[in-house]
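**Student:** To start, I am sharing the structure in question, which I have written as structure tokens.
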Amino acid sequence: MRRPVFVLAAVLAVSGIAVAPARADVARPGEAWHVELLRLAEAHRLSRGDGVTVALLGDGVDDHRDLKGALLPAVDVATVKSTSGGHRSTHAAGLIAARGDGGTGLLGIAPRAKVLPVRVGAGTKERDPAAVARGIDAAVAARAGVIALPDPNTEVTGDLRRAVRAAVAAGAVVVAPAGLAWPVLPTVAALPGVVSVVATDRDRRPVANSQTGLDLDLAAPGDNLVSVARLASGDGHLTSAGTDLAPAVVAGVAALVRAKYPDASGPDVIRRLHVTALGPVQHNPQVGWGLVDPVTALTATLPVLPAAVAQDGGPARDQQWYLDALRVPQTQRVTRGAGVTIGFVGNGVDAGHPDLQGQVSSPAWYDGKGGDVRTDAPPGPVRDALAVDASGHTGVVSVMVAKGGTGLLGVAPEAEVVAVGGIGGADELTGPAVRWLTGRGVRVMLIPGGPLDQGSVEAVAGAVRRGAVVVRPAHPENPDLSGVLTVGAVDGTGERRAAAADLVAPGEPMLVAAAGQGGYTGAVEPDTAAAGYVAAVAALIRAARPDLDVAGVLNRLLRTASPASAVRPRIVDPFEAVTADVPATDRNPIGDPGPVHPDAVLPSEDGPLPAVATAAALLVAAAAVTVVLARRRRRV
């Protein structure tokens, strides 16, 4: 997959890398190795693609005896018109829907599907993004259930983004090549809802110059594939290779699934392809969820998920690769974090940003003078401190709870954030803030990384003891805090930063909310953004599984995480963390801060607990200690 980058449009247009085959040799249909690898004979006993239209965007499709009855009347939206088909799209069409016998003629993946050839240009230089957008619109108008896009070099323009959003909203399964390892440019495959496919050889290894990344969806055969071609002698067959052929394979499998499950939504078809792919149990940056597996995709029994909440989408959402890479939209079909409050310790959160309105409560504040956290109108110096967003905290909060619509979408868009800021450094602010949040019953907290004073260390330990999941960003000066989850950042390729961490999550590059003007920025501290991502996943778990204690939530986060690379730590997997069957545990996997201290007193929302409440708190704490000791004796 491509490395996600934010670049100027003028730079995006500089791409002349072709996806021409490494070689094209005359071949026989019986040499089509992908037919056996994909177990097509078995798959065809279950589905042959009846009633499904696959729109194939590219350089046009030639007539061929193996495609007789498979082609719909072609559509030409290219800037430069042509009456003849092209080698690449003809080859791809044969892979999708050829109707030969597998001996003298090629057998396609979905031989009863219909291919709609949509000509958008003869080569990368003629493949105007406006033509590709028109081609997608034509496919949607024709009610294509599957849309296979051309090479990865097309410039990603606003109009192309719009067309892709419309296709996904219409329920089409949109498939595109993942891209090349060089040059590193945004691709159509990076857009939300698009299935990104990497080409593999017969040994299931990615072909040369394949790009890797967290947002890679599937692998499929793409090297030395036998398919139909018009030769000088007439209809024949060739072997070809290229990044654009693997999506044709996946498009054919998607057609089989759509025919077998005609009521399945586009996201459900994609989910079926993900879950049933051959390869690693968890996501892998080289092959995504694995090699597409038609037979298992057609036979597996999957839990039914609620319908997705409709999202308008927009240019900002299109750049949130970090959501689609880890199946956050799929997770949000199970829960969106409703009823959960995330406590955030830090200044500068712009609660008035359009994407955060209604998501962030008025900030509580601390004056740095040793008093309690307050929620009334702050004095001038505190108000000035609260307004400073030097660390991109508005952006971090948008990663967690941005409400979606036409703007950014947060990981937990129905959760609420309570921000606590004020005067003083993070080491001084954290203690009063965490004690106040704990007193309000906040069960997920994001605290700053770096050194903390002793009071803050004790406050954090107390929060964990009382049932809060406390998350912090990786930092070389982090104190040792038992039971606190430390999170580091990875980029779109899965490469992680140097600081030690228990878990990693996407942290760069990220488009996030900017304070002050209602706009967006890429300026956010990566490890803090990654910690916010994981805190929001913890909120999703809390919402879906409210009976879990701290140990249960952390155990889910760690047990379901996927390897970002050969080196630990592992990367958070929101969907599995929320839905997977995970053995119960009563032991915190990252350390136990010990029982609640019987003398500990928490402030209420408006100040210290009164004497009666203090006495009650002591009784509850003492009872909790008795229960803990009893449990320990039973374990011994």
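The values are calculated or read from the model by the stated rules, or taken from the named source; none is laboratory data. All values reported here derive from a predicted model rather than from experimental measurement. Glycine also receives a Cβ, built like all others from the backbone with ideal geometry; neighbour counts cover every protein chain displayed. Accessible surface areas use protein heavy atoms only, side chains included; no ligands, DNA or RNA. Shrake-Rupley method; radii C 1.70, N 1.55, O 1.52, S 1.80 Å.
**Student:** All other residues with a Cβ under 12 Å from the Cβ of residue 455 taken together, and with Lys, Arg as +1 and Asp, Glu as -1, what is their net charge?
**Tutor:** With Lys, Arg at +1 and Asp, Glu at -1, the neighbours total -3.
**Student:** For residue 570, enumerate residues with amide H under 5 Å from its amide H, sequence gap 5+ or separate chain, H modeled in the peptide plane.
**Tutor:** Amide H neighbours of residue 570, under 5 Å, 5+ apart: 504.
**Student:** If r is the Cβ-Cβ distance from residue 307 to residue 278 and R0 is 25 Å, what FRET efficiency results, to the nearest 0.05?
**Tutor:** According to the calculation, E is roughly 0.30.
**Student:** Run the numbers on the chain and let me know its relative contact order in percent, using alpha-carbon pairs under 8 Å that are six or more apart.
**Tutor:** Worked out over the chain, it gives 12 percent.
**Student:** Further question on the same structure: Please name which of 115, 494, 190 has its Cα lying farthest along the dipole of the chain towards the positive end, using unit charges on Cβ (Lys, Arg +1; Asp, Glu -1) and the Cα centre as origin.
**Tutor:** Going by the Cα projections, it comes out as 115.
**Student:** Considering Cα pairs under 8 angstrom that are at least six residues apart, work out the relative contact order of the stretch 104-257 and quote it in whole percent.
**Tutor:** 21 percent
**Student:** Quickly work out the residue 104-to-residue 68 label distance, labels modelled 7 Å from Cα along the C-beta direction, and quote it in nm with one decimal.
**Tutor:** Placing both labels 7 Å beyond Cα along the Cβ direction yields 1.1 nm.
**Student:** Compute the distance in nm between two label points, each set 7 Å from the Cα along the Cα-to-Cβ direction, one at residue 580 and one at residue 201.
**Tutor:** About 3.2 nm, to one decimal.
**Student:** Could you please state how large a percent of the accessible area of the stretch 400-555 is carbon and sulfur, counting protein chains only and using a 1.4 Å probe?
**Tutor:** Carbon and sulfur: 45 percent of the exposed surface of the stretch 400-555.
**Student:** Moving on to the next point. Round to the nearest 0.05 the FRET efficiency obtained for residue 261 and residue 166 when R0 = 25 Å and r is the Cβ-Cβ distance.
**Tutor:** The pair residue 261/residue 166 has a calculated efficiency of 0.60.
**Student:** Also: Amide H of residue 342: which non-local residues (sequence gap of 5 or more, or other chain) have their own amide H closer than 5 Å, using H built in the peptide plane?
**Tutor:** Sorted by chain and number, the residues that satisfy this are 416, 417, 418.
**Student:** So how many Å³ per residue does the convex hull of the Cα atoms of the stretch 182-281 work out to?
**Tutor:** 134 Å³
**Student:** Evaluate the charge dipole of the chain about its Cα centre and quote only its size in Debye, nearest 20, assuming +1 on the Cβ of each Lys and Arg and -1 on the Cβ of each Asp and Glu.
**Tutor:** For this selection, approximately 1580 debye.
**Student:** Any idea what Rg and Dmax come out to for the stretch 306-426 if you just take the C-alpha atoms, in Å?
**Tutor:** Considering the stretch 306-426 through its Cα atoms, Rg and Dmax are 15.8, 50 Å.
**Student:** Now for a separate question. Quick one: net charge of residue 47's neighbours, Cβ under 10 Å, K/R +1, D/E -1?
**Tutor:** +4
**Student:** With every protein chain kept in place and ligands, DNA and RNA left out, what is the accessible area per residue of the chain? Probe 1.4 Å, answer in Å².
**Tutor:** Using a 1.4 Å probe on heavy atoms only, each residue of the chain averages 39 Å².
**Student:** If amide H atoms are built 1.01 Å from N in the plane of the peptide, which residues on other chains or at least 5 residues away come under 5 Å of the amide H of residue 200?
**Tutor:** 207, 220, 222, 223
**Student:** Quick one: net charge around residue 272, please, counting Lys, Arg +1 and Asp, Glu -1 for every other residue with C-beta under 15 Å from its C-beta.
**Tutor:** Around residue 272, the charge tally is +1.
**Student:** For the chain, what are the per-bin percents of Cα-Cα distances with bins 10 Å wide, up to the bin holding the maximum?
**Tutor:** 3, 17, 25, 21, 15, 10, 6, 2, 0, 0
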